[in-house]
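A quick write-up on the structure given underneath.
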Amino acid sequence: MPRPHRPAFLFDLDGTLVDSVYQHVLAWREVLEKVGINLSVWRIHRRIGMSGGLFVNALLRETDRPVTADEIARLRELHVAAYLSRIGQIRPLPGARELLARFAQQGVRWAIATSGNVRTAQPMVDMLDVPKGTIVITRDDVERAKPDPDLFLAAAERLGVPIEESMVVGDSVWDLLAAQRARALGIGVLSGGYGREELELAGAYRVYEDPADLLGHLDEVGVRPDVTG
C-alpha cells in the first residue's frame, strides 16, 4: 500500500523561524530618524514582512512625504547595516531547529522564502543549523516580494513540488496574503506579533504559537508523527 502523500512546507524566516522582528523594527526606526522621519514603532511593525520598496512607500505614505527610488535604495542599505548591528540579540524561535530536524528525519520537503536580502537572511539561516544545500529564496532571487507570491512560487519550483501541494508558514498577514495568491495553504504563527484573528482573516487555516507549537501538532497539517509514515 503506498504511503500517504506529505505536503511540502515553505517557511518565512523573520518572526517564523527566528526571533528577529523587533530588531528589524528598531533598525528601521533608527534609519528613518536619521533622515528626519519619526514614526511610532507599532506603525513600523505593521509593515514588517513586506518587500523593502513597498515597506518604505507604505511608511512614507503615512507622513505625506514623497520619496524617490534613490531614497528608497539608500534607506534599504542603511537598514541592512542597522539590522546587522543587532545580530547578537537574535535567537532561533523555540522549536525551530527541532521542527526542521524532524522534517529532515521524516523526509518532509521544505524551503525558506524571505523578503530579506541575502545579507540579512544568511546569518539567520546559519543560526538554524540547517543542512548544506537547504533551499533559501531571498528578495534578491525574485522580481517582487510579499505580498506578491513570487518568493513562494520560486521556493516550490526549486523544491520540485506543485505550489498547490505546499503549505506556507508565516507570522504576518503579508505572508498569508502571498500564500493565497500563490494558491498554497497558509499556516500562521503568533511569534511575529500579529494576532490570531488577523492571521485567520488573511487566510491561515491553522494558527500556532511558534514553531514548537507547530511541531507538537504536525498531525493537524498532514505530517504523521511516526518516522515510518
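The values are calculated or read from the model by the stated rules, or taken from the named source; none is laboratory data. Quick caveat: nothing in here was measured; it's all calculated off a predicted structure. Methodologically, a virtual Cβ is constructed for each residue, glycine included, from the backbone with ideal geometry; neighbour enumeration extends over all protein chains shown.
For this structure, a couple of remarks:
- Those residues of the stretch 98-132 which are in a loop (DSSP other than H, G, I, E, B) and either under 19 Å from HIS217 (Cα atoms) or among the β-branched types (Val, Ile, Thr) (or both), in sequence order: GLY107, VAL108, ARG109, THR114, VAL130
- Answer residue from the stretch 211-229, given it is at pLDDT 95 or above and not in a helix (DSSP H, G or I) and is nearest to GLY188 (Cα to Cα) among those: HIS217
- Options GLY107, GLY116: the member that is on the phi > 0 side of the Ramachandran plot, in contact (Cβ under 8 Å) with a residue 60 or more places away in the chain and not hydroxyl-bearing (Ser, Thr, Tyr): GLY107
- Between ARG139, ARG109, the distinction of being of a type in the set (Lys, Arg) and farther than 29 Å from LEU26 by Cβ belongs to ARG109 only.
- Filter pass, LEU93 being in contact (Cβ under 8 Å) with a residue 40 or more places away in the chain and in contact with a Pro (Cβ under 8 Å, 6 or more places away or on another chain): yes
- When ALA69, ALA101, ALA96 are checked against the criterion of being exposed (fewer than 14 other Cβ atoms within 10 Å of the Cβ) and among the hydrophobic types (A, V, I, L, M, F, W, C), a single residue qualifies: ALA69.
- The number of residues in the stretch 16-74 that are in a helix (DSSP H, G or I) and more than 26 Å from LEU214 (Cα to Cα) comes to 29.
- The stretch 134-167, subset aliphatic (A, V, I, L, M) and surrounded by 22 or more Cβ atoms within 10 Å (Cβ to Cβ), residue farthest from THR120 (Cα to Cα): ALA156
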